[in-house]
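Read through the structure below, which is laid out as structure tokens, and then see the notes.
The values are calculated or read from the model by the stated rules, or taken from the named source; none is laboratory data. On a predicted model such as this, the values are computed, not experimentally measured, just so you know. All Cβ positions, glycine included, derive from the backbone under ideal geometry; neighbour counts span all protein chains shown.
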């Protein structure tokens, strides 16, 4: 099963990460991508790191448009965060590829 999670609000990160953990408990071999855009990209450079248990199991992605908007340099992101030109286009592409879409 392939799933793309969408996040655009900082206050939804806790819920999103719980959703991802719960999903993986139920579907251990799921392919999951988390696409952050808008203010949610700030989480990647914040004080709280991504959960260790998800690193390597989940693809974390940041929107380049949002990074520019928040004046966040790509090289300040953790190594495990990929950057795509547009978060919304990435979500649409994943859906076109057959990924299920979840927005917490």
* helices (runs of 4 or more DSSP H) within the chain that include 1 or more residues buried (at least 17 other Cβ atoms within 10 Å of the Cβ) and out of contact with any strand residue (DSSP E or B) (no Cβ under 6 Å at 6 or more places or on another chain) -> 13-26, 64-69
* Got a sec? Which of 82, 64, 92, 100 is touching a helix residue (DSSP H, G or I) at 6+ places or on another chain (Cβ under 8 Å) and modelled with pLDDT of 95 or more? -> 64
